[in-house]
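Participant: Let me begin by handing over the structure; questions about it come next.
Each value in this text was obtained by applying a stated rule to the coordinates, not by laboratory testing. No experiment lies behind these values; they were computed from the predicted model shown. All Cβ positions, even for glycine, are placed from backbone atoms using ideal geometry, and neighbour counts span all protein chains on display.
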Amino acid sequence: MTLVRDMNYAVKKLRSSILMYPEASYTFDGTATPLPDQLGRFVRMLKAPVVMIKTEGAFARDPLYNMLQIRDVKVSAKMTYVMSGEEAASKSPEEINRILRDLFSFDNFRDQQQSGTVIDEPFRADGLNRVLYKCPVCGSEGTMEGKGAVLTCKSCGSRWTLTETGYLEAESGKGVFDHVPEWYSWERQCVRKELEEDTYKLDVPVLIRMLVDTRCIYTVGEGRLTHGPEGFHLTGCGGMLDFSLPPSASYSLYSDYFWYELGDMICIGDENALYYCFPKEGGDVVAKTRLAAEELYKMTSKKRARS
Ligand SMILES: [Zn+2]
């Protein structure tokens, strides 16, 4: 009887729990994506125990850029009791944010290197150009190609091998970076500089699909997506669609590689509709657009705080 009572209690508790995926974005480079500033306030308001479940090995097994090509890597999960409901209620939102950000700090490539996990699949660098879209040797964009175990710049001919333990090894010895997240971080700095110098601009033709209900995604037509200091602007469908989204609307961008095997995708929208935009040209723009959206949000947040 005790067991039944305990089980009923546990089920009741489970039903009343809230499961969150606060990062709400897949990582491109294997490091953490930003958490919303409001998270600390929300956790404090709930006054509930906080438990974190973190998977380990999932990125190495199936990184987003690698197009559904599964590697032979074990995946496990670790559960950590973070704080009690009383502790959550007694801490400031900033303090809770600090604790959660520390817990959400990770680097899957570093984990692979340190654990010596061998990924010897011959396709391990396929699609890596989606993350590392800019050559650090010659500075050109959209000329990178990840194929097999090798990443090549078609502009200057520089080549890197993604080693079996997760390092980038430059063929010439002058590869600048040997770590994927450091290269990605440099790309972020470059985008930030473009934004500050007002030279950043995305302007691509897109196929547009819309989510307006829970039944399906509707293909509605073609259009043009632009992104710059004023945010996103999507037009199309023979003049029937005109949607703008300011930089302050989101701290990050929902974008994805090979989304449901349809193509690379940038998603914008509001409470009425989500617009899934599939760039038809322009190369590997998805990662750069996410970086730009995140940096623009930071830049405009500072301006908003000053005014
Ligand atoms: Zn190059």
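Participant: Along region 121-126, what does the Karplus equation 6.51 cos²θ - 1.76 cosθ + 1.60 (θ = phi - 60°) give for ³J(HN,Hα), rounded to whole Hz, x for Gly and Pro?
Facilitator: In residue order, the calculated couplings are 4, x, 9, 5, 9, 4 Hz.
Participant: Restricting to Cα pairs below 8 Å that are 6+ residues apart, what does the relative contact order work out to for region 200-306? Please round to a whole percent. Intermediate results must be reported in sequence, preceding the final value.
Facilitator: Working: 200 pairs, mean separation 28.4, N = 107.
Across region 200-306, relative contact order equals 27 percent.
Participant: In sequence order, what are the phi-derived ³J(HN,Hα) couplings for region 42-54 according to the Karplus relation 6.51 cos²θ - 1.76 cosθ + 1.60 with θ = phi - 60°, rounded to whole Hz, with x for glycine and proline?
Facilitator: Karplus values, whole Hz, x for Gly and Pro: 5, 4, 4, 5, 5, 6, 10, x, 10, 10, 10, 10, 10.
Participant: Pairs of Cα atoms under 8 Å, at least six residues apart: use those to get the relative contact order of region 24-115, whole percent.
Facilitator: Values: 120 pairs, mean separation 36.6, N = 92.
Computed over region 24-115, the figure is 40 percent.
Participant: Where the centroid of each part is defined by its Cα atoms, how far is region 42-69 from region 92-146 in Å?
Facilitator: Using only Cα atoms, the two centres lie 15 Å from each other.
Participant: On to the next question. Which of the aspartates and glutamates could a cross-linker span from residue 47 if the Cα-Cα distance has to be under 19 Å and same-chain partners fewer than 8 positions apart are dropped?
Facilitator: The qualifying aspartates and glutamates are 37, 86, 87, 94, 95.
Participant: Hey, another quick one. Could you grab the relative contact order for the chain? Cα pairs under 8 Å, six or more apart, rounded to a whole percent.
Facilitator: Details: 542 pairs, mean separation 39.0, N = 307.
13 percent.
Participant: Please compute the length gained on full extension between residue 271 and residue 244, using 0.36 nm multiplied by the number of residues separating them and subtracting their Cα-Cα distance. Write down the numbers at each step before the final one.
Facilitator: Working: separation 27, 0.36 × 27 = 9.72 nm, distance 1.33 nm.
Stretched fully, the residue 271-residue 244 segment lengthens by 8.4 nm.
Participant: Using only the Cα atoms of region 128-195, build the gyration tensor, take square roots of its eigenvalues as a ≥ b ≥ c, and label the shape rounded, prolate or oblate: rounded if a/c is under 1.5, else prolate if a/b is larger than b/c, else oblate.
Facilitator: Because a/c hits 1.5 or more and a/b exceeds b/c, region 128-195 counts as prolate.
Participant: If the cut-off is 12 Å between C-alpha atoms, which aspartates and glutamates fall inside it for residue 154, apart from same-chain ones fewer than 8 positions away?
Facilitator: Answer for residue 154, where 12 Å is the Cα cut-off: 141, 145, listed by chain and number.
Participant: Lone cysteines in the chain, defined as no other cysteine's Cβ under 4.7 Å from theirs: which are they?
Facilitator: For the chain, the answer is 190, 216, 237, 267, 277, because their Cβ atoms have no other cysteine Cβ under 4.7 Å.
Participant: Treat the count of other C-beta atoms within 10 Å as a stand-in for reagent exposure and order 130, 306 from fewest to most. Can you show the working numbers first?
Facilitator: Working: 130 23, 306 6.
Lowest count first: 306, 130.
Participant: Long-range amide H contacts for residue 210: which residues qualify at under 5 Å (H placed 1.01 Å from N, peptide plane, sequence gap of 5 or more or a different chain)?
Facilitator: The list, which skips near neighbours in sequence, is 218, 219, 220, 276.
Participant: With Rg and the Kirkwood Rh both taken from Cα atoms, where does Rg over Rh land for the chain?
Facilitator: Details: Rg = 21.5 Å, Rh = 21.5 Å.
Here the Rg-to-Rh quotient is 1.00.
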